[in-house]
Every structure is written in structure tokens, then in C-alpha cells.
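Each remark here refers to the structure printed beneath this line.
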Amino acid sequence: MSNISENNLETTTNKEQSSRRDFFKRTAAYSVSAIAAANLLAPVKLSADDANIINHVEWGTTLGDELNKYPYGIPSAYEHNVVRRTSSLLSSAGDMHAAVSMTPLHELEGIITPNGLHFTRTHNGVAHIDPNKYRLMIHGLVEKPIVLTLEQLKKYPAESRLLFLECPANGAAEWKGPQFNSLQFVKGMMSNAEWTGVRLKTILDEIGLKPTAKWMLAEGSDGSEMSRTVPVEKVLDDAMIVWAQNGEAIRPEQGYPVRLMLPGWEANLCVKWLKRLEFGAEPWYCKEETSKYTALMASGKAIQHYYPLEVNSIITTPCPEKPWSDLKKGDMVEVEGIAWSGHGTITGVDISLDGGNNYVEAKLKGLVLPKSWTRFSYMYKYEGKPLLIQSRAMDDAGFVQPSVTQEKAIMGLEGVYHRNSICTWEVRQDGSVHNVQVRTDNCPK
Amino acid sequence: MIKLNNKLIAIAASALLATTMFAAEGTTKPLPANVYKATKNALDGGVTYKRENGAYTAYRVNDQSTKGVNFGRAPTANELKAWDADIMPDGTGLPVGSGTADDGETLYDKDCAVCHGEFGAGGKGYPTLTGGSLESLKNQRDCPGKEAPNRTIGSYWPKASTLIWYIRDAMPYAHPKSYSPDQMYAMTAYLLREGGVQIDGKDIEELNQDNFKKIVMPNEKGFYPNIDGPKGVENVRAFYKNPKNFGAVGTRCMSNCGKESVMKIGNEITAVVPAYSTVRDLPKEEAKGAVSEAQKLYEKSCAVCHKTDAMGAPAVGDKGAWEKAMGKGMDKVNHNAINGVGGMPPKGGAMDLSDAQVKDIVKFMVESSK
């Protein structure tokens with residue numbers, strides 16, 4: 001038996017708890033800052049018995065659901081706020097056919113994004129493909145062009161990889177300064193999953209790529225026929241045609257039944273609802289290839305064929321949605337986050353608590369894999385004082401995540417894509433967390 | 001590893017900078033360069049990993065031969081014709097047909113203006129297609145009050161083939177792949193004419209599979225690396241060899257790296273759906289199958305303008321907009337809905353609705369926006 005009075009030091013009475021919950025309901029739904037305010041009110045009561053321990057709980061005194069109520073399981077009803085979110089400002093006129101939804105990074109654990117929470121970008125809505133009518137054509141500069149049904153494709157030897165997918169516009173709203181006070185909207189245009197399929201090289205070894213083939217056209221079959229041009233060199237290195245996501249069929253939002261997977265490269269290159277691969281000697285200039293996924297520089301010229309997502313990281317605890325408002329001075333707490341690089345594997349992450357003036361090394365934890373999210377961790381003794389907390393990742397290609405000032409000196413502010421500069425959370429005196437940027441601008445006052 | 005001492009060093013206090021931090025001492029031992037055996041030779045400036053001894057980085061792989069794994073069949077000539085229909089910059093894949101810019105304008109007004117605005121000038125929330133200039137591409141909004149670059153077809157796109165391919169496969173938005181080749185040429189001719197693109201110094205009046213190949217887009221040379229021709233891939237490799245080309249300029253400083261200003265959020269974007277919440281409670285019981293009569297009427301007669309704020313009308317669900325609209329009370333809102341206000345005609349143009357029905361719809365819209 002443990003000492004009851006000690007165990008009860010930080011519990012609340014049932015009444016207090018419910019009034020707090022009511023406050024939470026009224027305010028928290030409308031602003032992230034209110035979450036912090038609600039946490040501030042967390043009452044600390046000495047020696048009050050917790051009714052959840054003293055009394056029988058309702059789920060312990062009734063018969064639960066029959067186990068086959070949901071042949072395909074669903075999350076607890078209490079988790080209904082753990083969802084993808086959209087903003088009409090990241091769409092055309094609020095139209096959700098050509099828009100993006102953001103993964104709730106603040107609610108994720110480990111490095112697997114559940115399939116229902118994977119971020120989604122579509123150019124003409126989510127297509128629903130009948131797998132019986134699905135065909136994949138591979139042709140052009142190959143010796144033996146082929147057409148495959150889904151069942152035939154899935155007979156090829158499969159491999160699985162944990163890989164991130166990131167829209168190159170992730171964080172694009174923030175080139176000129178912070179705009180969203182939310183981890184979900186600052187970095188949620190990305191997810192990480194285990195993808196299963198066949199290496200494209202395995203198929204090409206059999207059907208014979210002609211030496212004149214330099215480029216591959218990948219074309220989707222949705223209403224936009226989203227397409228991109230990929231250099232053959234990438235195709236033969238680590239490209240895959242995948243049909244499974246975290247052990248089950250790819251979700252419609254992610255390209256059911258088949259998508260292209262180019263590890264580490266812009267997610268739009270990993271064409272969804274994949275219909276056709278054509279090999280050629282010249283690039284195609286596809287529909288969104290220049291009009292959208294190019295980065296305009298201050299020179300007035302734009303980078304095209306801008307493939308890999310550069311080394312990047314973000315602190316997920318704390319964050320605006322998960323503040324430190326309930327911490328007391330002296331509490332030991334874990335700073336946690338995600339690092340990733342499309343150029344290779346994460347080798348380390350540094351943490352700053354003073355806005356980038358001084359750094360210490362964080363620890364990597366869990367699986368460390370190429371072109372996959374990698375978790376990092378740092379134990380910190382909370383002082384109850386304001387902080388400017390940052391993470392800075394490095395990869396085995398030798399790249400170090402740049403500061404905002406370093407990045408914009410080269411890339412300017414109008415490139416839209418590939419923003420990978422260091423993010424800063426401001427932890428205020430009250431423990432609330434706010435999105436800020438540490439940067440130097442030289443504007444006339 | 002860095003050694004931390006327990007002494008906290010006070011950093012010059014400012015309203016924006018944290019006041020106490022750790023201090024880093026001693027030298028930083030570099031982390032191992034590689035987690036896995038990596039070779040920095042990838043086209044994209046990154047590394048590649050070998051598959052050897054049954055392994056690929058941390059993954060085990062089956063290293064038996066896959067020779068002879070061979071499924072599927074050859075496509076027929078008709079299948080290839082049906083699907084191999086991309087359109088390339090040299091004109092490969094252009095359909096046979098022709099269309100005038102004037103016909104394109106008629107088609108545009110019918111199918112496209114609702115999203116892309118009159119003459120492609122935008123303003124409806126969807127991409128602006130015309131206007132802009134090459135000069136504007138140098139605009140940088142690095143300080144308040146500066147103009148944005150204007151990326152339109154005429155000022156930005158390097159190839160005309162992209163435009164007709166786009167129209168053929170992906171437009172009109174709600175009915176893609178519905179245009180005949182003549183309509184594709186007409187629409188392309190119109191958009192290029194409006195965008196100031198010319199052939200041999202003359203405005204484009206008519207386009208077909210032959211004169212299409214003579215189009216030179218004004219910003220054709222506006223992109224790098226140069227991916228065309230036999231050196232295309234090598235140009236890409238050369239581009240990625242220099243990290244400065246793509247902003248990979250971060251450096252690993254550990255202490256006294258320098259202090260910079262803190263920029264806070266100016267105008268926070270809070271319009272997100274569903275609204276932010278991390279509460280763990282049971283969802284509100286949604287009335288099952290209870291679509292009210294008012295909601296049905298709303299969907300039929302009002303949603304086209306009020307579903308979003310694109311048309312300037314208060315959007316259903318936009319709490320702030322409806323609080324503003326309700327500022328003068330429900331009676332005033334009902335009065336406006338029945339008699340019209342601003343750009344909204346009486347009853348939103350649905351004159352078959354009774355006054356009572358309009359009031360029910362207003363009530364539904366207000367209730368749905370709390």
C-alpha cells in the first residue's frame with residue numbers, strides 16, 4: 001500500500017474538475033491560447049480524495065461493447081478532436097477539392113502517422129478508384145512495355161520502408177513572419193508511414209530500360225491527372241511503386257490503390273492514383289511542374305525540378321497546443337521533437353533555449369532511418385521563466401538546418417517552397433507557448 | 001559532448017529574450033558523420049546507401065535474384081493511343097484541331113470566369129491567369145508595403161504545351177476532360193492572347209497543331225537548372241552540388257552564436273476547421289438524419305454564396321462574420337435577407353421563397369455560425 005495522503009497531493013475534487021472542464025469546453029475550442037489559460041487554472045488541492053479512485057467507475061460496473069461491434073476498429077470517442085484540420089486560407093476560396101489538410105503533429109507519438117491522420121493535398125478532390133478497374137501502364141523507352149492489374153502488381157516482391165511525405169509548401173505561410181499559433185499549421189503538411197510496394201528497379205530490370213531513357217513521366221488518374229517528371233537516376237536508386245500504408249491498403253486520400261514513392265522528395269512528385277509511367281529522353285513540363293512547384297528567387301528566376309526536402313526539425317513538446325502551463329518550477333520535463341531529411345539520415349539535433357545563442361545536444365531516440373522522421377529528446381529542468389526554444393537538425397549528407405536569417409539571405413521570401421529554417425517556440429512566464437521567429441530584417445522604420 | 005555547469009548565466013534582459021539560460025562550455029565533439037555507410041553521390045545533393053550483405057541501412061532485404069519475376073502483358077496499340085496522350089514542349093502529342101481566341105473567350109465566360117475572374121484577372125480566390133509581368137517576378141515582400149510577384153501564365157509559365165495539356169486533362173475544374181480539341185485550342189488561344197503572348201510579334205487570333213509550335217513563352221528562360229537536351233540531368237546534378245544554390249547554408253555553432261530580434265505573430269490566422277481543441281470529451285450528439293427544412297432550402301438557394309466568404313457574403317460557420325451581421329439584431333438581418341442588402345438581391349434572388357421561409361433559413365444560418 002502506498003501512502004494515500006502523499007498520493008493525493010495533486011488531485012482535484014470531482015466538482016472542481018467538472019467546473020474546470022466546463023471552462024475548457026467554453027473557451028478552448030476557439031483559441032489555442034485559451035488552452036494555456038485553462039491549464040493555468042488547474043487546481044491543486046491537498047488531501048482531497050479523487051472520486052475516480054474512491055468510487056467505482058461506470059465502465060467498471062457495466063458490460064462493455066460486444067467485441068465485434070466495429071469490424072474495422074475506430075478510435076475512442078474521446079479522441080474526436082485528434083483530426084486533420086484545414087484552413088480556407090490554404091485553399092482557393094475555401095474550396096476543399098484543391099486544398100491541403102494538416103496532420104495533428106501535437107497529438108502524435110513515435111514516428112508512425114495513423115492512416116486517418118495523414119496530411120492530404122489534392123488538386124481535384126479525392127478520387128475513388130475501383131481496384132478491379134485499376135490498370136498501371138509502363139512504357140516509352142523500355143524494351144517490353146507492360147500493363148498490370150492491381151493483383152499482378154502486388155505479385156512483385158515487396159519491401160517496406162518508413163518514409164516521410166512532406167508537401168514542399170509545408171510552412172510556406174511563414175516566410176514573411178509567423179502567422180499560425182499552432183504546431184499543426186506550422187508544420188502539419190507532412191506525415192510518416194510504413195509504405196510497402198515494389199522497387200521500380202525490380203520491374204525495370206525485367207522489362208528493360210533503354211539507355212536513352214533519362215526521364216520518367218508519372219501520371220495520376222484523378223480529375224487533375226497530376227503528373228511530374230522524375231530523373232531515371234532516382235528511379236533506379238530508391239523509388240518504389242507502393243500499395244500499402246501502415247500495413248493496410250493505401251487510403252483514398254493518399255492515392256488508393258497505388259502511388260509512386262520517391263523517398264525524401266516532394267510529396268507531389270510521389271504521384272497518387274498512379275496510372276502511367278513513361279520513360280523518355282526529354283523532360284515533360286507537366287501541369288503543376290512549373291506553374292506551381294518552382295521556387296522564385298529574388299533574381300526573378302525560379303528553381304525548377306526542386307526535389308529533396310532539406311534537413312528539418314520541429315519541437316513537438318512543448319508547442320502552442322501542448323503548453324507547459326501545468327508545470328511547476330523545478331519540474332523535470334522532456335523536450336521532444338521530430339527531425340527529418342530528404343537528403344539522408346538524421347545524425348543529430350541540437351536544442352537552444354535562448355533563441356539560438358547557445359545550443360546543447362539532444363538525444364536521438366527510437367528508430368533512426370533514412371528519409372524518415374526521427375524522434376529527439378532532451379531532459380530539461382523547468383525554471384518557470386520565459387524561453388525561446390529551438391531545435392536544429394543535421395543529416396549524413398553534411399547539411400545543418402539554417403536559421404531564418406541564413407535561409408532568407410539565399411532564398412528570399414517569395415519562393416513559397418522548401419522552407420526548412422529553424423522554428424522557435426516562445427514559452428512565456430505562464431507556460432503558454434507561442435509561435436515566433438528569431439530573425440533579422442532590415443526594413444526602414 | 002557539451003558540459004553544462006550549474007551556474008546560470010544572465011543574458012541581458014529584454015522584453016523579448018528569455019532572461020536565464022544554460023551556458024555551454026568546452027568543445028563540441030562532432031557526432032559520427034554517418035549513421036549508415038553513405039556515399040554522397042546522389043543527384044539531389046544527398047547520399048545513397050548500398051544494398052549489401054542482405055541489408056539496406058537498418059533494413060534487412062532479400063538479396064536473392066528477382067530475375068524472371070514478370071507479370072502483366074504488353075499494351076495494345078489502341079491502349080497506348082488512349083493513354084499516351086501527354087503534350088510535350090516540342091509539340092509531341094498535340095491533338096489535331098484549331099480554335100480562335102474569340103471562341104475561347106465565349107467558352108471562358110461560360111465555364112471559367114466564375115472561378116478565375118473576368119478576363120482571367122482573378123479576384124475569386126482561384127488562381128489569376130492573366131496580367132503580371134516578368135519585371136514583377138523580382139518583387140520581394142521583404143518589408144511592409146511591397147508588391148508581390150505576379151505569377152501568371154503569360155508572365156511565368158515557360159512552355160505553352162503545359163497550358164493546353166492542363167486544359168485538356170484537368171479543366172474545366174468540375175468537368176475535366178470534357179473539351180474537344182477545337183475547344184482546347186480556342187481556350188489556349190484566348191488565355192495566351194489575354195496574357196500578352198504573341199506569335200511572330202502578332203497577337204494570337206487562332207491556334208492549331210502547326211502554329212502552336214511557334215509559340216515562345218516570355219519567361220521561357222526564367223527557370224534553372226536547364227533540364228533540356230542531353231546535358232539536362234547533368235545540369236541538375238551540378239545545381240545540387242552547390243548547397244548555396246538551394247539555401248543549404250546552415251552552420252553548427254554551439255555557443256555565443258549571436259542574438260537576433262524576435263518577431264511575433266502580427267495577425268494570427270485562426271480560421272481553421274474544425275476549430276482548435278485538445279479537449280478529450282464526448283462529441284456533441286449530432287441529430288441523426290435531422291436535416292431541417294430550413295437547411296434544405298439553404299442548400300438549394302443560399303449555399304452558393306454563403307458556403308464560403310468568397311462572394312463577400314458572411315459564410316455559414318464564420319462566427320465573427322455573423323456576430324458582425326447580427327450587430328443590429330435579428331430583425332435587421334431578416335429585413336435585409338427579405339429586401340436585399342449590398343450585393344445581395346431580395347431573398348438572394350430566390351423569389352419563390354416566402355418571407356417566413358427566408359426567416360427560417362436565416363435562423364438556420366445564424367444558429368450554424370455560433
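From the list A:234, A:210, the one residue that fits, being touching a strand residue (DSSP E or B) at 6+ places or on another chain (Cβ under 8 Å) and within 8 Å of chain B (Cβ to nearest Cβ), is A:234. Do you know which residues across region A:176-212 are over 27 Å from residue B:278 (Cα atoms) and open to solvent by 10 Å² or more (accessible area, probe 1.4 Å)? Of everything in region A:176-212, those that are over 27 Å from residue B:278 (Cα atoms) and open to solvent by 10 Å² or more (accessible area, probe 1.4 Å) turn out to be A:176, A:196, A:199, A:201, A:202, A:205, A:206, A:208, A:209, A:210, A:211, A:212. The residue pairs whose first member lies in region A:287-307 and is more than 20 Å from residue A:215 (Cα to Cα) and facing chain B (nearest Cβ under 7 Å), whose second member is among the acidic types (Asp, Glu) and not in a loop (DSSP other than H, G, I, E, B), and whose beta carbons are closer than 8 Å, counting only pairs six or more residues apart or on different chains, are A:300/B:135. What residue, among those in region A:397-445 that are modelled with pLDDT of 95 or more, more than 18 Å from the chain's Cα centre (by Cα) and of a type in the set (D, E, K, R), is most open to solvent (accessible area, probe 1.4 Å)? Among those that are modelled with pLDDT of 95 or more, more than 18 Å from the chain's Cα centre (by Cα) and of a type in the set (D, E, K, R), it is A:428.
Of all positions in region A:371-379, none carries a residue that is open to solvent by less than 10 Å² (accessible area, probe 1.4 Å), facing another protein chain (nearest Cβ under 8 Å) and of a type outside the set (Phe, Trp, Tyr). Residue A:388 meets the conditions (1) open to solvent by less than 10 Å² (accessible area, probe 1.4 Å); (2) more than 7 Å from chain B (Cβ to nearest Cβ) in every case but one. The failed one is (2).
Does residue B:288 fit the bill of being modelled with pLDDT under 85 and either open to solvent by 70 Å² or more (accessible area, probe 1.4 Å) or polar (S, T, N, Q) (or both)? Step through it out loud before you land on a result.
Details: modelled with pLDDT under 85: yes; either open to solvent by 70 Å² or more (accessible area, probe 1.4 Å) or polar (S, T, N, Q) (or both): yes.
So residue B:288 fits the description; yes.
Only one of A:292, A:272 is crowded, with 21+ Cβ neighbours inside 10 Å and basic (Lys, Arg). Can you tell me which?
Numbers: A:292 fails: crowded, with 21+ Cβ neighbours inside 10 Å.
Exactly one residue qualifies, and that residue is A:272.
Have a look at A:331, A:222 and point out the one that is open to solvent by less than 20 Å² (accessible area, probe 1.4 Å), over 23 Å from residue B:235 (Cβ atoms) and over 22 Å from the mean Cα position of the chain (by Cα). Working first, answer last.
Details: A:331 fails: open to solvent by less than 20 Å² (accessible area, probe 1.4 Å).
Testing whether each residue is open to solvent by less than 20 Å² (accessible area, probe 1.4 Å), over 23 Å from residue B:235 (Cβ atoms) and over 22 Å from the mean Cα position of the chain (by Cα) leaves just A:222.
Taking the numbered list (1) in contact with a Leu (Cβ under 9 Å, 6 or more places away or on another chain); (2) more than 7 Å from chain A (Cβ to nearest Cβ); (3) surrounded by fewer than 18 Cβ atoms within 10 Å (Cβ to Cβ); (4) farther than 27 Å from residue B:221 by Cα in turn, residue B:71 passes all entries but (2).
What tally of residues in region B:243-253 results from selecting those that are over 30 Å from residue B:159 (Cβ atoms) and open to solvent by 20 Å² or more (accessible area, probe 1.4 Å)?
4
Note on region B:188-204: residues that are more than 14 Å from chain A (Cβ to nearest Cβ) and either more than 25 Å from residue B:111 (Cα to Cα) or outside any helix (DSSP H, G or I) (or both) total 9.
Within region B:314-333, the residues that satisfy the criterion of being away from every other protein chain (no Cβ under 14 Å) and basic (Lys, Arg) are B:324, B:328, B:332. Of the residues making up region B:81-130, those that are away from every other protein chain (no Cβ under 13 Å), more than 15 Å from residue B:185 (Cβ to Cβ) and either free of Cβ contacts under 8 Å to residues at least 60 places away in the same chain or among the aliphatic types (A, V, I, L, M) (or both) are B:109, B:110, B:113, B:118, B:121.
Would you confirm whether or not region B:343-354 contains a residue that is without any contact (Cβ under 8 Å) to a residue 60 or more places away in the chain, more than 26 Å from residue B:275 (Cβ to Cβ), more than 35 Å from the chain's Cα centre (by Cα) and surrounded by 15 or more Cβ atoms within 10 Å (Cβ to Cβ)? Yes, region B:343-354 contains at least one residue that is without any contact (Cβ under 8 Å) to a residue 60 or more places away in the chain, more than 26 Å from residue B:275 (Cβ to Cβ), more than 35 Å from the chain's Cα centre (by Cα) and surrounded by 15 or more Cβ atoms within 10 Å (Cβ to Cβ). With respect to the conditions (1) more than 15 Å from residue B:314 (Cβ to Cβ); (2) open to solvent by less than 60 Å² (accessible area, probe 1.4 Å); (3) of a type in the set (A, V, I, L, M, F, W, C), residue B:333 lacks only one, and its number is (1). Quick one: count up the residues across region A:299-328 that are closer than 22 Å to residue B:238 by Cα and either assigned to a loop (DSSP other than H, G, I, E, B) or charged (D, E, K, R) (or both). Of the residues in region A:299-328, 10 are closer than 22 Å to residue B:238 by Cα and either assigned to a loop (DSSP other than H, G, I, E, B) or charged (D, E, K, R) (or both). Given the condition open to solvent by less than 10 Å² (accessible area, probe 1.4 Å), more than 11 Å from every other protein chain (Cβ to nearest Cβ), in contact (Cβ under 8 Å) with a residue 24 or more places away in the chain and assigned to a helix (DSSP H, G or I), answer yes or no: does some residue in region A:166-173 qualify? No, the conditions are met nowhere in region A:166-173. Only a single item in (1) in a loop (DSSP other than H, G, I, E, B); (2) surrounded by fewer than 22 Cβ atoms within 10 Å (Cβ to Cβ) is not met by residue A:364, and it is number (1).
Being buried (at least 23 other Cβ atoms within 10 Å of the Cβ) and over 30 Å from residue B:136 (Cα atoms): is that true of residue A:355 here? So residue A:355 passes the test. Checked against (1) in a strand (DSSP E or B); (2) facing chain A (nearest Cβ under 7 Å), residue B:207 passes all but condition (2). Residues that are in contact with a strand residue (DSSP E or B) (Cβ under 7 Å, 6 or more places away or on another chain), closer than 27 Å to residue A:343 by Cα, more than 9 Å from every other protein chain (Cβ to nearest Cβ) and not β-branched (Val, Ile, Thr) occur at least once in region A:421-442. Of the residues in region B:223-242, none is open to solvent by 40 Å² or more (accessible area, probe 1.4 Å), part of a loop (DSSP other than H, G, I, E, B) and either in contact with a Leu (Cβ under 7 Å, 6 or more places away or on another chain) or away from chain A (no Cβ under 12 Å) (or both). Only a single item in (1) away from every other protein chain (no Cβ under 14 Å); (2) surrounded by 19 or more Cβ atoms within 10 Å (Cβ to Cβ) is not met by residue A:265, and it is number (1). Against the numbered list (1) touching an Asp or Glu at 6+ places or on another chain (Cβ under 8 Å); (2) open to solvent by 50 Å² or more (accessible area, probe 1.4 Å), residue B:129 comes up short only at (2). The residue that is farthest from residue B:266 (Cα to Cα), among those in region B:135-159 that are open to solvent by 20 Å² or more (accessible area, probe 1.4 Å) and in contact with a helix residue (DSSP H, G or I) (Cβ under 6 Å, 6 or more places away or on another chain), is B:157.
So is residue B:161 of a type in the set (Gly, Ala, Ser), within 9 Å of chain A (Cβ to nearest Cβ) and closer than 21 Å to residue B:217 by Cα or not?
For residue B:161, the condition - of a type in the set (Gly, Ala, Ser), within 9 Å of chain A (Cβ to nearest Cβ) and closer than 21 Å to residue B:217 by Cα - is met.
The values are calculated or read from the model by the stated rules, or taken from the named source; none is laboratory data. Keep in mind that this is a model prediction, so the values were computed, not measured. For neighbour counting, all protein chains shown are included, and Cβ atoms are generated from backbone atoms with ideal geometry for every residue, glycine included. Surface accessibility is based on the protein's heavy atoms, side chains included, excluding ligands, DNA and RNA. Shrake-Rupley method; radii C 1.70, N 1.55, O 1.52, S 1.80 Å.
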